Structure formats: structure tokens, C-alpha cells
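K.L.:
One structure, as C-alpha cells, below. Some questions next.
The values are calculated or read from the model by the stated rules, or taken from the named source; none is laboratory data. Quantities reported herein were computed from a predicted structural model and do not represent experimental measurements. Using ideal geometry, Cβ is built from the backbone for each residue, glycine included, and neighbour counts are taken over all protein chains shown. Remember, those area values only see protein heavy atoms, side chains included, never the ligands or the DNA or RNA. Shrake-Rupley method; radii C 1.70, N 1.55, O 1.52, S 1.80 Å.
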Amino acid sequence: GANYYGATGDAVADDSLSPYDAIVAGSGVTSLSTSGGHTCAVVNGRVQCWGFNNDGQLGVVLQAAESTVPVAAVPTGSGATSVAAGGGHACATLNGGVKCWGLNNHGQLGNGTLVSSAPPVTAVAEGTGATGLATRASHNCVIVAGAAKCWGLNDWGQIGLGNSNDQRAPIQVYDLASGAGVMAPGGRHTCALVGTGVRCWGRNDSGQLGLGHYSYIYTPSVPLAITGTITDVAAGNVHTCAVASGGVQCWGENYSRQLGISGLGFNLPQQTMPAGSGVTRIAAGGNSTCVIVNGGVRCWGNLYTANLSVPTVIVPDGSNVT
């Protein structure tokens, strides 16, 4: 992909049209997250990051503003299990808690301040059962003992509290005290897999909440009208997609074909891939979407130089992608 500031881990400045080994096979990578200018991975219980570091988003203080090779944001033996890279920050789950580092202008580090920090700071105390960590540009969400909690930028109600006030520490989303499964922060909206349904809240000018209208919702909506058994959900800047019975349904803006179908946009879920297609996981970029299907990867939407209007093979089936 685009290699701004070394975000692909390649010391060569050129963009890459094919997968590149940022960390070699067999190194023990268990979690990976990318953002506009930096990337982080969990490797044997520690967190390594590379790319842009103007706000300390690599988790270390460097003389240079970037690093094209992985640096240790969280050291070996820290018990890290997942990592999520935001616009100018990153967070990781460690021993059932959450630590964050980098830019903190909207409280996205979750430690109650607006002070940015390269060294990781505590957002959720260890031992509290934090799982399902996810982040976007300036807000984060996590599941703590079944409850959905979010913090950071809240200008369009994406934290789900019924208001538009930024939150400097994790706070429970309105009525999601239990049952939350997958958190999916988008550009200015958020969705969550709750029980057997998807609920969304926040900005809705492109129909990204999937409710059949364009009104903003400041608290979680009623479950969306998605057919099939829902197992995963992902949100982009102004679109959302869900895995349902091995297929994919998407809604929201479609100018870059990020829904994987024709048309300019939809405010209700639309079928991108039929049920039974073998899809197991989904991830959304700003204006693109990718899925793991049959051990391979297919993507659609903005491809930097062109838009893929239908799911297109990026990594062949049977490649053991997990």
C-alpha cells in the first residue's frame, strides 16, 4: 500500500502494489493494526510499531519523526494481546487492561487528560477484563466485562452518550452494559455487535448507521435489519459492513465503491457477498473494505489508483490468512 512515513515497514520510500514483509513469518505476530501513517503489531506479548511518530504514536521518543523499522512501544513480557492504531495514537490490551500512547487532543489516550504522551499511559486498569479493543482516527472503544465503553472525540455523538462532549476517559455507552461482542468505530460513527444484532450511533449524513434515514443518532439505535447470523462488523469513514452467515452486507456512502456494489450510497444494508461465501472476518479502511474468505483476502473500494467495484482477490483462497 501507500508507504507514507514508512508505514508499510519498508525502508524504500516507494509504495508497494503487493504484500511486503514488515515482520518476517515465524516471528509470532498475533494482532495487527494500521492507520494513515503508522502501523502496530503484537509480537510475542509485546507491541512493535513503525511509521510516522510526530505525536509519539510509535510509543517511543525518537530523534527522527518516523521509523521505517519496528520499534518497541511495549516491551517483551508485557502481556499484550491486541493493538489498535488511530490517527495519531495507538492503544493495546495488556493483561485485561488498556494502555494508549500518542496524540491526546481529544482525550483519546483515556487517562483523564489532554496531554499527549509517547510512553504508554493507562486508560483501563489491568485485570478488569478488557477485550475487543478498536479505534479510529480520534476515538476508541473496548469491551470491559461485557459492557461497551468508548472515549475520545465525540463531536457527532460517536461515543454514544446522548451528547457531543469529548470524553477523556472510558465511559459506558448509553445502554450497552452487557452483551457487546465486537466494537467498530468509524470516522464519526460507531457500530457494535450486540447479541445477535448490530447497533450504530453517531453521524449519519451518508446513511452509515443503516437505519433507512439520514438523521444523526446520539445513542445506540435499534438493531439493524440484517438477515442471517451476524458474526463481525467493521466501520469506515462513512460506511459500515457486517459479516452475516458467511456473506457480507454493507451500507453508507459508496462513491469509492466501498460497499462493493454499484450505486452512490444506501441507508439500509445491501448484499455485497451472498450468505455461504465463506467470509469469516471483515475490516474497513477509510473508503475501502477487505474480508478474509476461505483463508484468502478479497477487497473492494478505493485502491489508491482506481476503485474496485466488486470483491477482488488480493491474497488467493487457501493462503491460511487468519
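K.L.:
Find how much the distance from THR280 to TYR255 grows on full extension, using 0.36 nm per residue of separation minus their present alpha carbon separation; answer in nm with one decimal.
P.N.:
Taking 0.36 nm per residue and subtracting the Cα distance, the gain is 6.4 nm.
K.L.:
A further question on this structure: Charges at C-beta only: +1 for Lys and Arg, -1 for Asp and Glu. How large is the resulting dipole of the range 93-229 about its Cα centre, in Debye rounded to 20?
P.N.:
Dipole about the Cα centre, nearest 20: 100 debye.
K.L.:
Ignoring ligands, DNA and RNA, how do THR280, THR128, THR93 rank by accessible area with a 1.4 Å probe, largest first?
P.N.:
Accessible-area ranking of THR280, THR128, THR93, largest first: THR280, THR128, THR93.
K.L.:
What whole-number distance in Å separates the alpha-carbon centres of the range 65-117 and the range 195-271?
P.N.:
28 Å
K.L.:
Could I have the simple spin-label model distance between THR227 and SER262, label points 7 Å from Cα toward Cβ, reported in nm to one decimal?
P.N.:
The answer from the label model is 2.1 nm.
K.L.:
For the range 66-220, compute the orientation-averaged projected area of the C-alpha convex hull (one quarter of its surface), in nm².
P.N.:
9.2 nm²
K.L.:
Could you report the range 15-54's accessible area per residue, 1.4 Å probe, as an integer in Å²?
P.N.:
Averaged over the residues of the range 15-54, the accessible area is 49 Å².
K.L.:
For SER164 and LEU114 in the same chain, what is the full-extension length gain: residue separation times 0.36 nm, less their Cα-Cα distance, in nm?
P.N.:
Stretched out fully, the SER164 to LEU114 stretch lengthens by 16.3 nm.
K.L.:
Follow-up. If you count only protein heavy atoms and use a 1.4 Å probe, how large is the accessible surface of ASP317, to the nearest 10 Å²?
P.N.:
70 Å²
K.L.:
Pick from SER256, SER27, SER117 the residue whose mean-square fluctuation is largest in a GNM of the chain, springs joining Cα atoms under 10 Å.
P.N.:
Result: SER27 has the largest fluctuation of those listed.
K.L.:
Figure the gain on full extension for SER27 and VAL71 (residue separation times 0.36 nm, minus the Cα-Cα span) and round it to one decimal in nm.
P.N.:
14.4 nm
K.L.:
Let's test this: bin the Cα-Cα distances of the range 223-322 at 5 Å from zero up to the farthest pair and state each bin's percent.
P.N.:
All Cα pairs considered, the percentages come to 3, 16, 27, 26, 19, 7, 2, 0.
K.L.:
Quick one: how many Å² of TYR255 are accessible to a 1.4 Å probe, rounded to 10?
P.N.:
140 Å²
K.L.:
Collect residues whose amide H, placed 1.01 Å from N in the peptide plane, falls under 5 Å from the amide H of ALA73; neighbours closer than 5 in sequence don't count.
P.N.:
Here VAL47, GLN48, CYS49 satisfy the definition.
K.L.:
Let me ask something additional. Work from the charge dipole of the chain (Cβ charges, +1 for Lys and Arg, -1 for Asp and Glu, about the Cα centre) and give the residue of THR122, ALA72, CYS40 farthest towards its positive end.
P.N.:
With unit charges placed on the Cβ atoms, the residue in question is THR122.
K.L.:
Over the range 148-187, what is the relative contact order in whole percent, taking alpha-carbon pairs under 8 Å and six or more residues apart?
P.N.:
Relative contact order here is 40 percent.
K.L.:
Tell me, what is the percent relative contact order of the chain, built from C-alpha pairs under 8 Å that lie six or more residues apart?
P.N.:
9 percent
K.L.:
Can I ask one more? Got a sec to turn the phi values of the range 230-241 into Karplus ³J(HN,Hα) couplings, 6.51 cos²θ - 1.76 cosθ + 1.60 with θ = phi - 60°, whole Hz, x for Gly and Pro?
P.N.:
Values per residue, Gly and Pro as x: 8, 10, 7, 8, 9, 10, x, 4, 9, 8, 9, 9 Hz.
K.L.:
Please report the orientation-averaged projected area of the chain, defined via the convex hull of its C-alpha atoms, in nm².
P.N.:
For the chain, averaging the hull's shadow over all directions gives 14.5 nm².
K.L.:
Quick one: with all protein chains in place, what share of the accessible area of the chain is carbon or sulfur, to the nearest percent (1.4 Å probe)?
P.N.:
53 percent
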